[in-house]
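The values are calculated or read from the model by the stated rules, or taken from the named source; none is laboratory data. Since the model is a prediction, treat every value here as computed from it, not as a measurement. Every residue, glycine among them, receives a Cβ derived from its backbone with ideal geometry; neighbour counts consider all protein chains shown.
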Amino acid sequence: MRWRAVLASSTSALALLAVAVLGTQEMTFEHFWADPLRAHRSAGLTTAMSLFTLLGDNRLLAVLVMAVSLRLAALWEKGGLVAVYLLNLVANPLLKALFRRGRPDAAFDPLVQEPFYSFPSGHTMASAAVYGFLASLLWRHGHPRLAAVTLLPIALVGLSRVYLGAHFPTDVVGGILAGTVVIALVYSTRK
């Protein structure tokens, strides 16, 4: 029952955010979040952020999902992890095509150029789905501290995407919400 409530609330929040950003290049308050990150750019920090962003890369996550699923004992946990990964792969491009929000322009001084639409952030959504699911498993198995540490890559990926100018802050929030929807969908189907 709890996961159905998470599904309903995260889907509602994602829908509200999507309506707010629909048709906008950027929202004024996004500079409040993004400008301080860009103001502290340096060669070393850019290198670190470029590495952090890889934590949300689907190829790296595929390797992680395969490696972890081999170590999981419960069939449902293995299947759930793979399902979260595959649902994310399908859902993110569909959401991007649906909302068609452009990438940050020169005002956000992008350090990377991405080819597809911006909302929701694919790297953030993938990391929220996979690391979030792993954290939920750790929590269920009595490892709350390790679960909390497992959530750290989500924050690092989200910050890196804004720092690099690949996404607006609301794209990152949308990615976290969409990743949460994916996890809640998988848990809601569990018997």
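Some notes on this structure:
The rows are residues; the columns are (1) surrounded by 13 or more Cβ atoms within 10 Å (Cβ to Cβ); (2) of a type in the set (Asp, Glu); (3) modelled with pLDDT under 95; (4) in contact with an Asp or Glu (Cβ under 6 Å, 6 or more places away or on another chain).
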{"position": "PHE108", "(1), (2), (3), (4)": "yes, no, yes, no"}
{"position": "LEU111", "(1), (2), (3), (4)": "yes, no, yes, no"}
{"position": "PRO115", "(1), (2), (3), (4)": "no, no, yes, no"}
{"position": "HIS123", "(1), (2), (3), (4)": "yes, no, no, no"}
{"position": "GLY132", "(1), (2), (3), (4)": "yes, no, no, no"}
{"position": "ARG145", "(1), (2), (3), (4)": "no, no, no, no"}
{"position": "ILE154", "(1), (2), (3), (4)": "yes, no, no, no"}
{"position": "GLY158", "(1), (2), (3), (4)": "yes, no, no, no"}
{"position": "LEU164", "(1), (2), (3), (4)": "yes, no, yes, no"}
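- Where a residue in region 90-108 is more than 18 Å from TRP33 (Cα to Cα) and its partner, wherever it lies, is of a type in the set (D, E, K, R), with Cβ under 8 Å and at least six apart: ARG101/ASP171
- For region 157-174, a tally of residues being of a type in the set (Gly, Ala, Ser) and within 11 Å of the chain's Cα centre (by Cα) returns 2.
- Count - residues of region 85-111 that are of a type in the set (A, V, I, L, M) and not in a helix (DSSP H, G or I): 1
- Being more than 30 Å from LEU75 (Cβ to Cβ), without any contact (Cβ under 8 Å) to a residue 24 or more places away in the chain and of a type in the set (Gly, Ala, Ser) is not true of ALA135.
- Within region 77-106, considering residues that are more than 16 Å from the chain's Cα centre (by Cα) and surrounded by fewer than 14 Cβ atoms within 10 Å (Cβ to Cβ), the one modelled with the lowest pLDDT: ALA106
- So VAL82, is it over 26 Å from LEU138 (Cα atoms) and in contact (Cβ under 8 Å) with a residue 12 or more places away in the chain: no
- The helices (runs of 4 or more DSSP H) falling completely within region 2-69 that include 3 or more residues that are of a type in the set (Gly, Ala, Ser) and more than 23 Å from SER188 (Cα to Cα) map to 43-54.
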